[in-house]
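The values are calculated or read from the model by the stated rules, or taken from the named source; none is laboratory data. All of these numbers come straight from a predicted model, not from anything done at the bench. Positions of Cβ are backbone-derived with ideal geometry, glycine not excepted, and every protein chain shown enters the neighbour counts.
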Amino acid sequence: MKQSSSEAVSSSSSSSTPSGPDQSQPATSASVPENHHTHSNSKPLASITAADDLAGAGNHTNSKPLASISAADDLAGAVSRDGSGGAQEMVTVDRRGEYSAVCRWTINNFSRIKARALWSKYFEVGGYDCRLLVYPKGDSQALPGYISIYLQIMDPRGTSSSKWDCFASYRLTIVNLIDDSKSIHRDSWHRFSSKKKSHGWCDFTPSSTVFDPKSGYLFNNDAVLITADILILNESVNFTRDNNDVQSSLSSMISSSIVAIPVSDVLSGKFTWKVHNFSLFKEMIKTQKIMSPVFPAGECNLRISVYQSSVNGQEYLSMCLESKDTDKLVASDRSCWCLFRMSVLNQKPGSNHMHRDSYGRFAADNKSGDNTSLGWNDYVKMSDFVGQELGFLVDDTAVFSTSFHVIKEFSSFSKNVGLIAGRTGSGARKSDTYMGKFTWKIENFTRLKDLLKKRKITGLCIKSRRFQIGNRDCRLIVYPRGQSQPPCHLSVFLEVTDSRNTSTDWSCFVSHRLSVVNQKLEEKSVTKESQNRYSKAAKDWGWREFVTLTSLFDQDSGFLVQDTVVFSAEVLILKETSIMQDFSDQDTELANAVPQIERVGKRSAFTWKVENFLSFKEIMETRKIFSKFFQAGGCELRIGVYESFDTICIYLESDQSVGNDLDKNFWVKYRMAVVNQKNPAKTVWKESSICTKTWNNSVLQFMNHRILRIDLIMMELNFYSVY
């Protein structure tokens, strides 16, 4: 089983980007069959008045589609469509089958039009009413001096339903009659619906380019020719819940809002998507993608996307499952963990379908760092998919499906809960945001285990929602069948990442206690505690053998109650800063500060400041805290701190696993102090030395911990190393 984050194909970008939530970059248009017949008609061009402009202004947002201009439409229907700008139009439509057409819209007196916006007459493609909308001087969101152009698709003819959608790939072009290679075109794709009727570019092209009479865009009395090459997807879908009750069996005009089920209620089911005119999009998917309507899965709305990729010189049909935030008014922190199977169905009786399994946590958007798309770039070779003898593409119809299982979960997080080691440090501040407790409840746990066993899926992990402590993103990772074969233990880990993404060399020291909660007798919960330094290279720590699966699924053990398992993580993060400084003999101030150290070798200073030291006081009674490794000369060093018989002990140790030359044995002479921050002159320094290969650390005893009255400690180290 291969799992990867799917990347939708798009071509290089130009200065204009299509407006809309489904943004795509300019790309080569798809080829279409020869036209069957031509339909020609001309009608006066309608214009948007000031009232229309005001009505539509609220629907135009930057980098978003032109929303439904219902007010303008109503006004246009109530008055003459002669337009107020003195412009005349001519529209011709070249039909290339039922679902493909090229509209040619000629607008006279284009450079002298006073109206803010113009729209073409309607023309029909694939049973939908289409028209073009142009702002000669740009809409309210356009850059100054730019023309705005949009495609609008309206309710399909012969349908009384107010809820519909359709997928379209289109190219808008301002034609250069002198040199066609200079024609300005933009390509995009979009799923149009009753809520999102328009899509295009607010910054299509600078108007100065088009209005220049020598450029070739104006002809015959300031006329301009705008074309729209449109492909409409002929599709049908079927959606069933896991109990096999058909919830939706809809035509090509479905939208997610038609499936009248509370989103969080749909935890498992199957979605099937039939594309009945796949060959029409065969060229288009080389640079863009086709997308199904959305369907509900847990807290998310998902959809299938299909495109073509080149992998190691071989052309593949790529398929992925994407999350789509259809409601901007709902909180964007929605997410769901989903086990899914994506299939291409073989339509020949008795033939085998193609399946692939994957899993992951989907989010409504990518702000949380979770996936918005999972799938395969190399799902099936294009030659196998289009081969008629194999049965995947029959009568130009392809059938894609996905079955999914979303875990039913509940989580809670409380900051400032310091339960590490059972108690908080006596001097810890109550408002410390560097500690907290996360609880994660997963229902239907046995069903998930059985599903993994049935599909023979090993090594699968479930990741919880993220919770933030001390500017770090944390979450639990659970392997329901463990990481060993045969499955014997449940594995549990804590993942910590840098939410700020400020650098690649970040690190933080974390003390964590992970538990599988015994819901009958809490003191019998399986709990394990550890302290580790997390970094980009080591972002998750935990236990492969946390609890045996036999104990976990024992009905009398108390870990599995009503098929529910509860996990918890108590996390305490060290609030720290560090500074590394190298200095030479000319650094008189620092040289005077270290008179005891001879001025030979590589001399450096390292300062480590801990701001929530007392929060770790009881941890240091049995364990240690330590700084990040820092490089001095050719060796890696760090400071460690622990408590012994009420005395703070500090030591310097080397990392023997890292080094420029493993044969080198560094002698490091240093002096160390716990800095007196009120009166630095009273700081007491102590000296020692280590050999990095033969004598790895040397412990220096400092003050009795009872004299500490503040929750901040600063340790400073001055040293030089010779090998």
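Remarks
- For residue 485, the test of being assigned to a loop (DSSP other than H, G, I, E, B), out of contact with any Asp or Glu (no Cβ under 7 Å at 6 or more places or on another chain) and not β-branched (Val, Ile, Thr) is passed.
- A single entry from 137, 196, 163 fulfils the requirement of being closer than 16 Å to residue 224 by Cβ, among the basic types (Lys, Arg) and at pLDDT below 95: 137.
- Screening residue 514 on (1) touching a strand residue (DSSP E or B) at 6+ places or on another chain (Cβ under 7 Å); (2) among the aliphatic types (A, V, I, L, M); (3) farther than 19 Å from residue 434 by Cβ shows it passes everything except condition (3).
- Which numbered condition residue 477 fails, given (1) in contact with a strand residue (DSSP E or B) (Cβ under 8 Å, 6 or more places away or on another chain); (2) modelled with pLDDT under 90; (3) surrounded by fewer than 20 Cβ atoms within 10 Å (Cβ to Cβ): (2)
- Test result for residue 45, crowded, with 16+ Cβ neighbours inside 10 Å and at pLDDT below 75: yes
- Considering (1) farther than 16 Å from residue 198 by Cα; (2) of a type in the set (A, V, I, L, M, F, W, C); (3) touching a Phe, Trp or Tyr at 6+ places or on another chain (Cβ under 7 Å), the lone condition that residue 113 does not fulfil carries the number (3).
Condition check ((1) over 21 Å from residue 117 (Cα atoms); (2) surrounded by fewer than 19 Cβ atoms within 10 Å (Cβ to Cβ); (3) under 28 Å from the mean Cα position of the chain (by Cα)) across all residues:
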| residue | (1), (2), (3) |
| --- | --- |
| 132 | no, no, no |
| 151 | no, no, no |
| 177 | yes, yes, no |
| 181 | yes, yes, no |
| 197 | no, no, yes |
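- In the set (1) within 17 Å of residue 232 (Cα to Cα); (2) basic (Lys, Arg); (3) over 37 Å from the mean Cα position of the chain (by Cα), the condition left unmet by residue 114 is number (1).
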